[in-house]
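Only one structure is covered here, and it is reproduced in the block below.
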Amino acid sequence: MYQDGGSNFTVTLQTSRSNFGSPFSKIEDEVTVVGDATTGNLTVATSDDDYATWSSTRTIDMSKPLKKLTRLGSFYSRAHRFAYADNYAFRVQAYLPGIRIGIG
């Protein structure tokens, strides 16, 4: 049971801010989620300003074999926030950001 009084519980996972080991600008080509195939959607938002603001959410369909978003933009330091609110079990093993490091 993943509901209370007919309302789904929301699971929110938030990463700490990271510059991924480089002071240079970066481009996030993709983010892949490794987890169970289930129904429902996982929303993803990013923050590039120490959690002050968050990007518009984008959605990963958790029923797909490949759970991935592409073209997440450039940044110097970034945090990710994932949210899942469906009446099903939710288990994620890892998230894999695809980062390219630039110069300057």
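The values are calculated or read from the model by the stated rules, or taken from the named source; none is laboratory data. Because the structure is a prediction, the values reported are computed rather than measured. Here Cβ is always computed from backbone atoms with ideal geometry, including for glycine, and neighbour counts include all displayed protein chains.
Could you please find all residues in region 58-104 being part of a strand (DSSP E or B), charged (D, E, K, R) and buried (at least 18 other Cβ atoms within 10 Å of the Cβ)? Break it down into steps so the answer makes sense when it comes.
Step one: of region 58-104, the residues part of a strand (DSSP E or B) are 58-61, 68-70, 74-75, 78-84, 92-101.
Add one more test, that the residue is charged (D, E, K, R), and what stays is 58, 61, 68, 78, 81, 100.
Within region 58-104, just ARG78 meets the criteria.
Can you find a residue in region 5-19 that is touching a Lys or Arg at 6+ places or on another chain (Cβ under 6 Å) and either farther than 24 Å from ILE101 by Cβ or of a type in the set (Phe, Trp, Tyr) (or both)? Taking every residue of region 5-19 in turn, none turns out to be touching a Lys or Arg at 6+ places or on another chain (Cβ under 6 Å) and either farther than 24 Å from ILE101 by Cβ or of a type in the set (Phe, Trp, Tyr) (or both). If you go through region 1-24 and pick out every residue that is at pLDDT 90 or above, of a type in the set (Ser, Thr, Tyr) and under 13 Å from TYR84 (Cβ atoms), you end up with 1.
How many of the residues making up region 65-104 are among the polar types (S, T, N, Q) and touching a Lys or Arg at 6+ places or on another chain (Cβ under 7 Å)? Explain how you work it out, then say what you get.
Quick first cut of region 65-104, residues among the polar types (S, T, N, Q) only: 70, 74, 77, 87, 93.
If we keep only those that are touching a Lys or Arg at 6+ places or on another chain (Cβ under 7 Å) too, we end up with 74, 77.
Selection size over region 65-104: 2.
Scanning region 36-54 for residues that are more than 17 Å from PHE9 (Cβ to Cβ) and surrounded by 12 or more Cβ atoms within 10 Å (Cβ to Cβ) yields a count of 8. In region 30-46, the residue that is nearest to the chain's Cα centre (by Cα) out of those that are of a type in the set (Gly, Ala, Ser) and more than 18 Å from SER56 (Cα to Cα) is GLY35.
Taking every residue in region 52-77 that is closer than 18 Å to ARG17 by Cα and pairing it with any residue that is assigned to a loop (DSSP other than H, G, I, E, B) and modelled with pLDDT of 95 or more, at least 6 positions away or on another chain, the pairs with Cβ-Cβ distances below 6 Å are PHE75/ASP48.
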